[in-house]
């Protein structure tokens, strides 16, 4: 049952008098449940409770936090098909996607449970004392990662499970020892409440302090602003648009005590197709990319919005085939009328740019909120001189840039904004002749892909999901994989601290049997 | 010889028409050499050269970077006593300090050389492909740290060697693979030029690209501002005042592409003395702290500016002895008339606060620029209600807060701003009764010390020098020790990248023999 209330810690609360409804884009009607926006005092209460909870929760052992994270996964699973149904009602995404994304979300929670239970994530470092050292004795110093403080999490419209309420940011923050306050995404607030109920149930079952998790509803920007400006909030996780992420970043930077905003934002994910590959397999590549461009109605942050190649017969074949293939694909439903509307506007704006040629567009009538895909092309010079063409059109849209020369190809890549991914398609070792292009691409992206598609973000330790601004607000961190815990921790040193008072991670006898840097050597041995 | 020119890459340059002189505070006269401020085109040239140099330098092996770092150390050493003399002329610090600080600086450079030569710092992570995985094959993903881009370094007045031209920030950035542009500190611009000449000589000897290092003179704020706003600069390292660090942070956050500012700023380094310790050894503690407060004329960032204790006979003995001891110490010279002047102003302002009692002040006449130490005391309530008393007075000044109760002690600690260090003085296991106080202190600081003094920052892997704002702008990084390299790197993923094109750190046969996380296990084995 969806109450439409907020979770202020373990308590359902609806002090506010503003309500809103979520929307079923497939049926093009509002969903029946009514959501109550969090009132200002509820934001304040959630932040204060989180700060109190932090005092104990941040000190919990890895095993206790793992128990909590696993219980969250179990409770989400226990919601069964009811949860999947609400997910589809609020996103228009198919049930298969809901099931897959739930699996990913449970996997993330359990991966973080294993990660903190295992314990190496604290990166323990010990330099033992040298009391006899000349001219000054050396103190005993021991360092490990500790939790930063309460984290505000802003969920993404396009991943109601995996990047929302109990998604990657929440799992990472809770694993680190940070209480979480979710600003629920208004497009799937019902899904958010159900997932929150699972988190709260898990918190109660595993005796977590009240306030370790809260969930705030809001259809506007005030709740999020108040949260980011609240003195008790110490970091922000965000997935969404550049405009939204930048607004939060600016607010956080302007605080008396600035706090980090880890925002994963937009990207056009450039794909460079080299000449031999175009010559050898233009048709196959075009078919593959027609699929990647329209996957999930083009609503993935790694959607390939830009394809760059050198003018050639191969490129001609590629654009012709891409044009043929793209219109064969059945349009699908976008997440929300607002997103479908923005797609139409941004698409029209792109298509109105001088020099842009439409290769193919889906022409037939579609149901409301369905997105009609478009592929376009442009000369290299035109692209270089028009920054509008460098911006993301969120949806099934892509632009093929036709270059005159290797130099222009390098120039185009060098002038891109920061990106989540870059892809190189190459045959017959031709890539070795394009070192400058590859290096330039590496400087602009967080992940580089060889002979593949950028869509599909594997959850594993070696994944980097982020990249130079505006792909993210801080390229030094990943938003996916267990290393995303690093966003929410800080290293902390104990000097000459008594062994019995040290955290277990730093005690002489290494009771957790973790790997530590002891006097410069990685070891799990006792001291 | 000091030319007073800027180094724009390897070239001495003085296009500007504004000059200034440094000052000898001991002799209270200007030094003879004339320094020319960098002109705007020189800032621009340095940034562009750095960006070009980044393309090759960032790809250099650990061994090549190590060779460069060691050559820098050797060339600084080769400057011999001439360099030490200029250091003393421009800082008023004694020759012994100059020698010690040079040793620390050389040690840092060589420690970073070893660190990048050894190679584990890239935190290599490899998840091998699973082409048969259902429902989707798993790609091969490999991640490692790469250099962020050109770094602007702002040196500190109080460490002309160790936190300036070729100090910790520069060593860390160069080790990471980032070219460095130093905004030389105007108080020791001659020292800065000499050290820069050593860096440039080392760069030429080891065939580094032109632009890997530049040094810009400036007595105002324009050069620094232009540098932080330059599109080719990708990160900033800073050591200095809260006002200065915050100004750069704000500028960097307002850029179209925001960049990280790693600023290590002010701190009052609270010391909590528990009752048994006060009862057992108030006199010894007072003598020790009289020394720590005046060490280096109170110009260390870890200077103990705040001492907190519970009212007791022990505390009375402590304050009486501290008052007696502090005036026995011979005043010493501050770095510059401006710093001496600011000390007088800030000291007078603190001493004028209601309820503040002066315990002792050095009264006799002193030479110009010498600092007369002061210790003061205040009631817990007064301290809590007057934020002015929470701010640093840079120099040999300290404040003893006398608390009425354990609760007030905890409240005081909880209400402190972020600090570099916190110290607990405790006897007879009394600390176990003060868990709340210790936890509160841990939440406010970057390093916690048991039964010691905060002055003395060991350079070792387990050191954390930084802390919650305003001790630093990002508590997730240290400014001291080899882990400070993490400020200037970003993780980067290769997906399905051909083995022969991968960096050596990620190749199957692990040619560098580094420790890598392979499918979740730390190992140096081949794949």
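If I ask for residues that are within 30 Å of residue A:297 (Cα to Cα) and either within 14 Å of another protein chain (Cβ to nearest Cβ) or in a loop (DSSP other than H, G, I, E, B) (or both), which ones from region A:35-56 would you list?
A:37
Do you know which residues across region A:372-391 are over 19 Å from residue A:414 (Cβ atoms) and outside any strand (DSSP E or B)? Outline the logic, then answer.
Of all residues in region A:372-391, those over 19 Å from residue A:414 (Cβ atoms) come to A:372-377.
Residues satisfying the conditions are A:372, A:373.
Kindly provide the set of residues from region B:182-230 that are over 28 Å from residue B:337 (Cβ atoms) and either in contact with a strand residue (DSSP E or B) (Cβ under 7 Å, 6 or more places away or on another chain) or part of a strand (DSSP E or B) (or both), ordered by number.
Hits for region B:182-230 are B:199, B:200, B:203, B:213, B:214.
Among the residues of region B:404-414, is there at least one that is in a loop (DSSP other than H, G, I, E, B) and under 26 Å from the mean Cα position of the chain (by Cα)? Don't jump to the end; show me each part of the working.
To start, the set of residues in region B:404-414 that are in a loop (DSSP other than H, G, I, E, B) comprises B:404-405.
Still in the list and also under 26 Å from the mean Cα position of the chain (by Cα): none.
There is no residue in region B:404-414 that is in a loop (DSSP other than H, G, I, E, B) and under 26 Å from the mean Cα position of the chain (by Cα).
Could you list, in sequence order, the residues of region B:335-360 that are closer than 22 Å to residue B:402 by Cβ and touching a helix residue (DSSP H, G or I) at 6+ places or on another chain (Cβ under 8 Å)?
If the condition is that a residue be closer than 22 Å to residue B:402 by Cβ and touching a helix residue (DSSP H, G or I) at 6+ places or on another chain (Cβ under 8 Å), then B:349, B:350, B:353, B:354, B:355, B:356, B:358, B:359, B:360 are the ones that fit.
If you check A:428, A:496, which single one turns out to be surrounded by fewer than 24 Cβ atoms within 10 Å (Cβ to Cβ), at positive phi and touching a helix residue (DSSP H, G or I) at 6+ places or on another chain (Cβ under 8 Å)?
On the way: A:496 fails: touching a helix residue (DSSP H, G or I) at 6+ places or on another chain (Cβ under 8 Å).
Just one listed residue meets the conditions, A:428.
Residues of region B:229-256 being closer than 25 Å to residue A:414 by Cα, crowded, with 20+ Cβ neighbours inside 10 Å and more than 14 Å from chain A (Cβ to nearest Cβ), which ones?
B:230
Go through the residues of region B:374-390 one by one and say whether even a single one is without any contact (Cβ under 8 Å) to a residue 40 or more places away in the chain and either within 13 Å of chain A (Cβ to nearest Cβ) or closer than 24 Å to residue A:497 by Cα (or both).
Yes - at least one qualifying residue is present in region B:374-390.
Given A:310, A:322, which one is farther than 15 Å from residue A:392 by Cβ, surrounded by 22 or more Cβ atoms within 10 Å (Cβ to Cβ), touching a residue at least 12 places away in the same chain (Cβ under 8 Å) and not assigned by TED's automatic domain parsing to the domain that holds residue A:28?
A:322
Filtering region A:446-467 down to residues that are in contact with a strand residue (DSSP E or B) (Cβ under 9 Å, 6 or more places away or on another chain) and on the phi > 0 side of the Ramachandran plot, which residue is nearest to the other protein chains (Cβ to nearest Cβ)?
A:451
Would you mind telling me which numbered condition in (1) at the interface with another protein chain (Cβ under 8 Å from one of its Cβ atoms); (2) surrounded by fewer than 24 Cβ atoms within 10 Å (Cβ to Cβ); (3) in contact (Cβ under 8 Å) with a residue 60 or more places away in the chain residue B:519 fails?
Every condition holds for residue B:519 apart from (1).
In region B:148-162, how many residues are in a loop (DSSP other than H, G, I, E, B) and over 19 Å from residue B:89 (Cβ atoms)?
Initial filter on region B:148-162 (in a loop (DSSP other than H, G, I, E, B)): B:148-150, B:155-162.
Now narrow it down to the ones that are over 19 Å from residue B:89 (Cβ atoms): B:148-150.
The number of residues fulfilling the criteria is 3.
Of A:464, A:420, which residue is in the same structural domain as residue A:306 (by TED's automatic domain parsing) and either crowded, with 24+ Cβ neighbours inside 10 Å or in a loop (DSSP other than H, G, I, E, B) (or both)? Walk me through it before giving the result.
Values: A:464 fails: in the same structural domain as residue A:306 (by TED's automatic domain parsing).
Just one listed residue meets the conditions, A:420.
Select from region A:172-181 the residues that are outside any loop (DSSP other than H, G, I, E, B) and within 17 Å of residue A:7 (Cβ to Cβ) and list them in ascending order.
Residues satisfying the conditions are A:173, A:174, A:180, A:181.
Given B:514, B:485, which one is in contact (Cβ under 8 Å) with a residue 60 or more places away in the chain, assigned to a loop (DSSP other than H, G, I, E, B) and either within 23 Å of residue A:446 (Cβ to Cβ) or assigned by TED's automatic domain parsing to the domain that holds residue B:144 (or both)? Step through it out loud before you land on a result.
Values: B:485 fails: assigned to a loop (DSSP other than H, G, I, E, B).
Checking each option against the conditions leaves just B:514.
Could you list, in sequence order, the residues of region A:93-112 that are buried (at least 21 other Cβ atoms within 10 Å of the Cβ) and not in a helix (DSSP H, G or I)?
A:93, the sole residue that qualifies.
Take the residues in region B:119-152 that are free of Cβ contacts under 8 Å to residues at least 24 places away in the same chain and in contact with a strand residue (DSSP E or B) (Cβ under 6 Å, 6 or more places away or on another chain), then tell me which one is farthest from residue A:103 (Cα to Cα). Give the derivation first.
Narrowing region B:119-152 to residues free of Cβ contacts under 8 Å to residues at least 24 places away in the same chain: B:130-138.
Add one more test, that the residue is in contact with a strand residue (DSSP E or B) (Cβ under 6 Å, 6 or more places away or on another chain), and what stays is B:130, B:138.
Numbers: B:130: 18, B:138: 16 Å.
Within region B:119-152, the match that is farthest from residue A:103 (Cα to Cα) is B:130.
So, in region B:75-92, exactly how many residues are surrounded by fewer than 16 Cβ atoms within 10 Å (Cβ to Cβ) and in contact (Cβ under 8 Å) with a residue 40 or more places away in the chain?
2
If we scan region A:295-305, do we find a residue that is away from every other protein chain (no Cβ under 14 Å) and part of a strand (DSSP E or B)?
Scanning region A:295-305, I find no residue that is away from every other protein chain (no Cβ under 14 Å) and part of a strand (DSSP E or B), so the answer is no.
Could you tell me whether any residue of region B:495-511 is touching a residue at least 24 places away in the same chain (Cβ under 8 Å), in a loop (DSSP other than H, G, I, E, B) and more than 8 Å from chain A (Cβ to nearest Cβ)? Please lay out each step first, then the result.
As a first pass, look at region B:495-511 and keep what is touching a residue at least 24 places away in the same chain (Cβ under 8 Å): B:495-497, B:502-506.
Within this subset, residues satisfying the condition of being in a loop (DSSP other than H, G, I, E, B) are B:496-497, B:502-503.
Remaining after also requiring more than 8 Å from chain A (Cβ to nearest Cβ): B:502-503.
Scanning region B:495-511, I find at least one residue that is touching a residue at least 24 places away in the same chain (Cβ under 8 Å), in a loop (DSSP other than H, G, I, E, B) and more than 8 Å from chain A (Cβ to nearest Cβ), so the answer is yes.
Would you check if residue A:139 is over 20 Å from residue A:175 (Cβ atoms), at the interface with chain B (Cβ under 9 Å from one of its Cβ atoms) and buried (at least 19 other Cβ atoms within 10 Å of the Cβ)? Don't jump to the end; show me each part of the working.
Working: over 20 Å from residue A:175 (Cβ atoms): yes; at the interface with chain B (Cβ under 9 Å from one of its Cβ atoms): yes; buried (at least 19 other Cβ atoms within 10 Å of the Cβ): yes.
So residue A:139 fits the description; yes.
Whether any residue in region A:431-445 is within 26 Å of residue B:128 (Cα to Cα), facing chain B (nearest Cβ under 10 Å), under 30 Å from the mean Cα position of the chain (by Cα) and in a loop (DSSP other than H, G, I, E, B) is what I want to check.
For region A:431-445, residues within 26 Å of residue B:128 (Cα to Cα), facing chain B (nearest Cβ under 10 Å), under 30 Å from the mean Cα position of the chain (by Cα) and in a loop (DSSP other than H, G, I, E, B): absent.
Of all residues in region B:8-34, how many are in a loop (DSSP other than H, G, I, E, B), surrounded by 17 or more Cβ atoms within 10 Å (Cβ to Cβ) and touching a strand residue (DSSP E or B) at 6+ places or on another chain (Cβ under 8 Å)?
So in region B:8-34, the residues in a loop (DSSP other than H, G, I, E, B) come out as B:9-10, B:14-18, B:25-28.
From what's left, surrounded by 17 or more Cβ atoms within 10 Å (Cβ to Cβ): B:9-10, B:14, B:16, B:25-26.
With the extra rule that they be touching a strand residue (DSSP E or B) at 6+ places or on another chain (Cβ under 8 Å), the set shrinks to B:9, B:14, B:16, B:25-26.
Qualifying residue count, region B:8-34: 5.
Search region A:468-481 for residues that are within 7 Å of another protein chain (Cβ to nearest Cβ) and without any contact (Cβ under 8 Å) to a residue 24 or more places away in the chain and pair each with any residue that is surrounded by 24 or more Cβ atoms within 10 Å (Cβ to Cβ) and part of a strand (DSSP E or B) when their beta-carbon atoms are under 6 Å apart and the residues are at least 6 apart or on different chains.
Taking only residues 6 or more apart or on different chains, the pairs are A:476/B:490.
List pairs: first in region B:425-450 and in the same structural domain as residue B:277 (by TED's automatic domain parsing) and closer than 13 Å to residue B:468 by Cα, second surrounded by 22 or more Cβ atoms within 10 Å (Cβ to Cβ) and modelled with pLDDT under 95, Cβ under 6 Å, 6+ apart or cross-chain?
Matching pairs, first to second residue: none at all.
The values are calculated or read from the model by the stated rules, or taken from the named source; none is laboratory data. From a predicted model like this one, the values you see are computed outputs, not experimental measurements. Glycine also receives a Cβ, built like all others from the backbone with ideal geometry; neighbour counts cover every protein chain displayed.
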